[in-house]
Structure formats: structure tokens, C-alpha cells
Amino acid sequence: MEESSVAQKYTFGDQNTSDVTVVLKNWEDRPEVLYCHSTILVKKSKFFAEQLSSDHATRTKNDSTISIQVPCQGCQYDHYVKLLKLLYVSDDLVLESWDSVRTALGVLQASLTLHCNSIIESCIQYLEAVPWDEKEEEELLKVVPTLGPVATPILARIQPVDLNATKNIFISAIHFATSIERSFPPFAEELKTSAQEQVEYMLLEDEDTPLVTVDEDVMSEARTGLGNIFATFETELSATPLDFEQSPEAAEQRVLQSLSDLEWMCGVLSKMEMLKDFVTGWAEISDKILAVVEDEKYCLGLWAVKVKVIEVVSKALDAIGYGSVVLPAPSRVHFLTTWLPYLRKMKPLLDSKSDSDESFAYKLDGDLCQNIEGAIISLILALPSDDQADILGDWMQRTEQLKFPDLSEAFEVWCYRTKTAKRRLLVGLNGVENSTVSL
């Protein structure tokens, strides 16, 4: 009540009752005189209290008014004026006076200079609680660290969190992104997409330490999520015959969504060095996938699914072919011979339909085809030579399908290796014979 009555007794800028003038530099770098009252200034500001109790203050010519020069740059003028006005406001009403982050931050800087504790507390409380836009956040990150420990609470929302908390958030995001049910409400798809995006973001490598440490708990949840997606995909594949009869578009969309989720999970697992789990799971259900996409019933449909299958297969081929996933040679041969006939068949078929129908949108991207071809060649050249010979011999017998994938490079390398291997064998045999004779 005492503070309120004092504030009501005086009015900022009232020259008739003023006993102190505060001099600030305005935007034009000219001195600006503001009429204040020592009772208010001393009570609310340690800076003014010290000035008025010492010889720092100077009196005007008639000695009736004290003048105090405040160290203020022109760009800070408005904030200092705002601060002086707030000194006349009751403490419990100051918080309601803020209208922007920029103003509160400027007044906070001025308050720290003039040691106005009640205003400092109000600024910090406001800045800590209100939302910031991107520019405001950048300004706060630049200014607040220079203000000392007192301003630290402002940045509480962007402080590094506990690693366990981060891990729990990440695990929850994976769980949500991979827990797919048809009964989910429509908005759940948007939430799932958001969760997938944040999982990817949290796994992005940067210059600092990773946001998430991939430990056993994280890997376990990722494997569970992968199993959920594979199970959903298999369910959609099994339901395709009946669903396709009722609504071809809806049936295709459901399978396509599951494939997209698998493709996303493949990308996530590659960042977690768990791509082998994906490749192994995909290999296990390859026959089921091919049984659907190669069914004559869908010879004129499921084009989006057929193309998406190729895109996912390309990722698996890339992982196997370039050594990201290490599998035994028989497993690599089986995977390649399982999918190679489908790739040979679909590429010319899609090209033919695209050439005959300009509106046909399901054509394989040139870069995708090149990547597939490169991965297959790399995969073949890492196989035992007899397996290479079987695959290349089969390729050359299919004259109508020689263009894709073009295995000429693999064939040339195989020929060179075979010849040099024979030469090494002969040199070895000659060496043995010579050593035998010398004995």
C-alpha cells in the first residue's frame, strides 16, 4: 500500500513536482531531459540511490533540481524511457505492461544497468513465459548470455535436456510412428508423419555430439517398430485380393502406405547402423511380395505399388552390394536371383506403357535405374566366381532383357579375373614342376 501511494503521489514527467532530471541521449544523439522524482528513483533503482547519495549528481543553475546523466546509447533511448515510466508503476502491475519480447528484452538490459531489481524480475518472468518467433529467439540467444546468471531462466526452454529424457522421447516417437492401426482417427496420420520427421531429425549427424545415443533400449524399440511395420505390410498384402475387388484404389493406397513406412524405416535404420535387420526382414517376405505384384489379376493395376517395391528393393540392393550389410554368399545370391527377374520384367514394361500413354505416371527414374544397376554389378562381383558365371550366363541368354540391368561391366571384370586366375594357376603349377625337377 505504501509503494502504491508513493507512486500515485508523483507522475513521471511532471516538471512542477520533479526534483531530479535524468539526462539520456536520444536517437539523434542529443541530450534529452526527463523529469523524475528522487523518492521513486531511490526506492526502485540502486543506481539512482547511489547517485543521489554521492557527489555524482549535479545540480542545475538554481540548485533546486538535481541532474543525473545516464550512460545510454541512442538506440537504447526508448527502452530507458520505458523503464523510467515503469518505476512509477506498482510492482504487481508491471507484468501486465509488457507488449513484446523486443521491448521486454531492451528494458531488461536497461534494468540491469540501473539495478532495478523488481523490473528485472518482471522482464525475466515475461520473457521466460511467452512464445518467441524465430527472429526473437535469435536475438535472445545473442543477448541473454551476456546478461549474466540472473537472466539464465529465460533460456530454460532451449537448454540441453537430460540424455535419458531425450532417449525416452525418441523411443516414444519411434513407437508412435510404427504403431499403425486402421482404427486410428484421420488426424493420426498427420501425427505419425510428424513423429517420423522428428525421428529423422534427431538422428541427423551434426558437429556436436548426437542428440540420441543408440543403445540397447533404442535398438530394441526400433526392432519392435520394424516388426510392426512388416506385420502390417504382410496383413495388407494378404488382404489385397479381397480389398482390390471391392475398391482397387483403396487397396493400392493401403499397401502403398505400408511400403512407404517400410522405406522410411529403412532410412532410419541406416542411420542407426541396423540396416541388416531391414534387409533380412525384406528377404524373408520377398516371395510373398512377388506373389502379389506378379499376380496376373493385377497386370493392369497396382502400378504405384510395383514401382514403390522397386524403390525399396533398390535400397536393399545398395546395402548388400556396397557392403553396408554383410550377408553370407548364398544369401546374397538368393536375394539377387529372387529380385532380378522382377526388375528385368518391370523396367521395359513400365517404359513401354509410358511411351504409349503420356498420362502414365509410373516410370522408373533414370538415377534410380543407374543406382540399381551399379549395386547389382557390385553385388555380383563380390560373389564366388562360379555364382558370377551362373548369373552372367543367364543374363546373356535373355537377349530381350540385356538392357536392364546392363551387366557388361561385370562380365568384363569376370572375364579378366577368370583369365588371370587361370594364369596364376599355370604359374603355380610350373613353379611346382620346376621345384620338383630341381630336387
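The values are calculated or read from the model by the stated rules, or taken from the named source; none is laboratory data. Given the structure is predicted, the values throughout are model-derived calculations rather than measurements. Because the Cβ atoms are built from the backbone with ideal geometry, glycine has one as well, and the counts that use them run over all protein chains shown. SASA here: full protein model, heavy atoms, side chains in, ligands and nucleic acids out. Shrake-Rupley method; radii C 1.70, N 1.55, O 1.52, S 1.80 Å.
Kindly establish whether GLU236 is open to solvent by 40 Å² or more (accessible area, probe 1.4 Å) and either closer than 20 Å to CYS299 by Cα or modelled with pLDDT of 90 or more (or both). Before you say what the answer is, go through the steps one by one.
Working: open to solvent by 40 Å² or more (accessible area, probe 1.4 Å): no; either closer than 20 Å to CYS299 by Cα or modelled with pLDDT of 90 or more (or both): yes.
Answer is no for this residue.
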- Query: Of the residues that sit in segment 39-55 and are more than 18 Å from HIS79 (Cβ to Cβ) and in a loop (DSSP other than H, G, I, E, B), which one is most open to solvent (accessible area, probe 1.4 Å)?
  - Reply: ASP55
- Task: Please go through segment 127-164 and pick out each residue that is outside any loop (DSSP other than H, G, I, E, B) and acidic (Asp, Glu).
- Result: GLU128, GLU134, GLU136, GLU137, GLU138, GLU139
- Identity of the residue in segment 11-38, of a type in the set (Asp, Glu) and farther than 22 Å from GLU50 by Cα, that ends up surrounded by the fewest Cβ atoms within 10 Å (Cβ to Cβ): GLU28
- Could you tell me whether any residue of segment 111-126 is hydroxyl-bearing (Ser, Thr, Tyr), in contact with a helix residue (DSSP H, G or I) (Cβ under 9 Å, 6 or more places away or on another chain) and part of a loop (DSSP other than H, G, I, E, B)? no
- Message: For a quick check of your reading of the model, give me the residue pairs whose first member lies in segment 3-15 and is modelled with pLDDT of 90 or more, whose second is open to solvent by less than 50 Å² (accessible area, probe 1.4 Å) and of a type in the set (A, V, I, L, M), with beta-carbon atoms closer than 6 Å and at least 6 apart or on different chains.
- Response: none
- Query: Which residues, counting only those in segment 106-120, are touching an Asp or Glu at 6+ places or on another chain (Cβ under 9 Å) and surrounded by fewer than 16 Cβ atoms within 10 Å (Cβ to Cβ)?
  - Reply: HIS115
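Restricting the search to segment 77-105, which residues are open to solvent by 40 Å² or more (accessible area, probe 1.4 Å) and either outside any helix (DSSP H, G or I) or not basic (Lys, Arg) (or both)?
Let us first name the residues in segment 77-105 that are open to solvent by 40 Å² or more (accessible area, probe 1.4 Å), namely 78, 82, 85, 89, 91-93, 95-96, 99, 102.
Across segment 77-105, the qualifying residues are ASP78, VAL89, ASP91, ASP92, LEU93, LEU95, GLU96, ASP99.
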